[in-house]
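Only one structure is covered here, and it is reproduced in the block below.
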Amino acid sequence: FNDTLNNINPIFKNAKTVGPKDLVVFILDQFHKELKKVINIDNLNNSQAIDHYNEISTLNYFINDFKNNSSIISDIFFGVNETTTICLNCKNIFNQKGSNSPICYDFGNFFFLSFPLEEIKNMKMNNNLNQIINFNILNLNDCFCFNQKSEYFTGENQNFCNLYKLYYDSNFNSKIYSGPNVLILILDRGIEDVSDIKICFSETIDISQFVLMKDSPQLIYNLYSVISEVNQSGQSQHFIASCKSPIDNKWYKYDDTVVTPISDVQR
């Protein structure tokens, strides 16, 4: 692990611009690279690219990923996203002729989900224009709904169609295919630090409605740690951690070397 630890050192030279997100992502990524190994297992014969959704292509993805990208980090922290790109030109032809499936499927790993709070707030406002709601109060369901919204690409952002070798308008969707054993959520307040936005959440969250593979090993998560930024002044940052003790199941605040119990009222 010497190389990994040496690579961490430069981060602290720019500590004023580094937050928990950057450090956690860097450490997990570095340790995964150091620990991953190739596993010898027999693959399926006549494997094909994942451009159409079927059991063989999905299984091939997980077999290849398991063979070439496995580590104790991936076992614990990696989930799988499924993305679909729908070429609107192919969709029209498909609807007319019943051929040339317009949907291209792909998969990819993730080890955290980042939620941009200002954008989520704006989405909630647009979806509830005629309702009296405090839009500065969000919950995790709002965040997961935003994370799986559809995007429309047109103009300069058109998608390249592999079938017709031209650029066309397209719809893009991203969904969680299977969840990780340990789920990391990053509530991104952005550069402006939108501290007026509050997040409501409980100590247990069920994400089954947002996961495609309903028999995924992990669909319900128990909260055991929250990292928060406090007393931001200029470029200086200070972070505290609130963690649930596995010994007495009580919550404690960790502020540098000071550890204090957290009451239910404070939480």
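For Glu156 and Leu23 in the same chain, what is the full-extension length gain: residue separation times 0.36 nm, less their Cα-Cα distance, in nm? The partial results should precede the final answer.
Numbers: separation 133, 0.36 × 133 = 47.88 nm, distance 3.43 nm.
Separation in residues times 0.36 nm, less the Cα-Cα distance, equals 44.4 nm.
With the Cα gyration tensor of region 124-198 giving a ≥ b ≥ c as the square roots of its eigenvalues, does the rule (a/c under 1.5 for rounded; else a/b larger than b/c for prolate; else oblate) give rounded, prolate or oblate?
Working: a/c = 2.35, a/b = 1.63, b/c = 1.44.
Taking the square roots of the gyration eigenvalues as a ≥ b ≥ c, region 124-198 is prolate.
For a paramagnetic label modelled at 7 Å from the Cα of Ser225 toward its Cβ, which residues of region 70-84 fall within the zone defined by backbone nitrogen distances under 13 Å?
Within reach of a label on Ser225, which here means backbone N under 13 Å from a point 7 Å along Cα→Cβ, region 70-84 contributes 77.
Scan region 136-219 for GluC sites (Glu not before Pro) in coil per DSSP, keeping those whose Cβ has at most 13 other Cβ atoms within 10 Å, and list them by number.
Working: sites: Glu151, Glu156, Glu192, Glu203; in loops: Glu192, Glu203.
For GluC sites (Glu not before Pro) across region 136-219 that sit outside H, G, I, E and B with at most 13 neighbouring Cβ atoms in 10 Å, the list reads Glu192, Glu203.
Using θ = phi - 60° and the Karplus form 6.51 cos²θ - 1.76 cosθ + 1.60, what ³J(HN,Hα) does each residue of region 245-261 get, whole Hz, x for Gly and Pro?
6, x, 7, 10, 6, 10, 8, 9, 9, 10, 10, 6, 8, 9, 10, 10, x
Quick one: if the Förster radius is 35 Å, what FRET efficiency do Thr260 and Val182 give, using the C-beta to C-beta distance and rounding to 0.05?
Details: r = 25 Å, r/R0 = 0.72.
Efficiency computed from Cβ-Cβ geometry: 0.85.
Would you kindly find the accessible area of Cys243, with a 1.4 Å probe and non-protein molecules such as ligands, DNA and RNA excluded, rounding to the nearest 10 Å²?
Here the residue's solvent-accessible area equals roughly 30 Å².
Hey, can you grab everything whose amide H is under 5 Å from the amide H of Cys161? Only 5+ residues off in sequence or another chain; H modelled, so Pro and N-termini drop out.
The list, which skips near neighbours in sequence, is Leu166, Tyr167, Tyr168.
Counting other Cβ atoms within 10 Å, which trypsin sites (Lys or Arg not before Pro) in region 117-151 have at most 15 and lie in a DSSP loop? Numbers along the way, then the final one.
Working: sites: Lys121, Lys124, Lys149; in loops: Lys149.
Listed in order of number, the matching sites are Lys149.
Just the accessible area for Met213, please: 1.4 Å probe, Å², rounded to the nearest 10?
The accessible area of Met213 comes to roughly 50 Å².
The values are calculated or read from the model by the stated rules, or taken from the named source; none is laboratory data. These numbers were taken from a predicted model, which means no experiment stands behind them. Neighbour counts are summed over all protein chains in view; Cβ atoms, including those assigned to glycine, are modelled from backbone coordinates with ideal geometry. Areas reflect the complete protein model, heavy atoms only, side chains present, ligands, DNA and RNA absent. Shrake-Rupley method; radii C 1.70, N 1.55, O 1.52, S 1.80 Å.
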